[in-house]
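Trainee: What follows is a single structure, and I will ask about it in a moment.
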Amino acid sequence: MSTQRRAGAESRPAESKPDAVDAAELAEYHGLARLIERMHRRFLDVVRAGLLRQGIDDIGPVQALMIMLIGDDEPSVRDLMERGYYLGSNASYSLKILVEAGYIDRGASQRDRRTARLRLTDKGRTLRDELFKLEQLQATALVRNEGEAADLKAAYRTLRRLDRIWGDMVRYAGQGLD
């Protein structure tokens, strides 16, 4: 970060907010955004390969991730969309595929008949369990020692912070983020 200070600014600790981002840091930021996008696509490819190894070709990786998000809960469609950041038409299409393929049941809430609740069927729970095993294998390959575990935790914290910052930028667009 830039070490220049504004005229008259008080002395600040090293971890304080910088005045400007230098070109190398800006390039890293741009690279990070593209890396996140590429990793998302790669992750979907990994899930797709896992589905194909299990002989599952009636749903795609996005639908498989929806199954993981539903888990043991009975979320409303709205809750699922907010958890997974799905767009309305995409979520509706994916849910239709999952219902038709027999992975989830979609029924009215007992409290509010207008609200659709989602629940995994036996077939959906079986797939969720297999997907969980796949995640465990991936995590085991990624974290082989304490140093790698610490790296993973640091990466997770950084990505969560970036998610919050981007969320605030969307939520408070034009209102200033200071």
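The values are calculated or read from the model by the stated rules, or taken from the named source; none is laboratory data. Predicted model, so just to flag it, every value in this text is computed and none were measured. All Cβ positions, even for glycine, are placed from backbone atoms using ideal geometry, and neighbour counts span all protein chains on display.
Trainee: Can you name the residue in region 93-109 that is in contact (Cβ under 8 Å) with a residue 12 or more places away in the chain and assigned to a strand (DSSP E or B) and is also farthest from residue 65 (Cα to Cα) among such residues?
Mentor: Across region 93-109, the extreme among qualifying residues is 107.
Trainee: A further question follows. Under 8 Å between Cβ atoms, at least 6 apart or on separate chains: pull out the pairs that start in region 21-41 with a residue that is without any contact (Cβ under 8 Å) to a residue 40 or more places away in the chain and end on any residue that is hydroxyl-bearing (Ser, Thr, Tyr).
Mentor: From residues that are without any contact (Cβ under 8 Å) to a residue 40 or more places away in the chain, the pairs are 21/2; 21/29; 22/2.
Trainee: Something else now. If the Cβ limit is 6 Å and pairs must be 6+ apart or interchain, which residue in region 110-132 that is among the basic types (Lys, Arg) pairs with which residue that is surrounded by fewer than 16 Cβ atoms within 10 Å (Cβ to Cβ) and in a loop (DSSP other than H, G, I, E, B)?
Mentor: Pairs that qualify, where the first residue is among the basic types (Lys, Arg) and the partner is surrounded by fewer than 16 Cβ atoms within 10 Å (Cβ to Cβ) and in a loop (DSSP other than H, G, I, E, B), are 117/74; 117/109; 119/74; 123/102.
For (1) among the acidic types (Asp, Glu); (2) at pLDDT 90 or above; (3) buried (at least 17 other Cβ atoms within 10 Å of the Cβ); (4) within 24 Å of residue 170 (Cβ to Cβ), each residue gets a yes or a no:
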site	(1), (2), (3), (4)
46	no, yes, no, no
51	no, yes, yes, no
57	yes, yes, no, no
64	no, yes, yes, no
80	no, no, yes, yes
83	no, no, no, yes
88	no, no, no, yes
94	no, yes, yes, yes
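Trainee: Filter region 138-163 for residues that are loosely packed, with under 11 Cβ neighbours inside 10 Å, more than 16 Å from the chain's Cα centre (by Cα) and not β-branched (Val, Ile, Thr) and give the result.
Mentor: 141, 144, 145, 146, 147, 154 - these are the residues of region 138-163 that are loosely packed, with under 11 Cβ neighbours inside 10 Å, more than 16 Å from the chain's Cα centre (by Cα) and not β-branched (Val, Ile, Thr).
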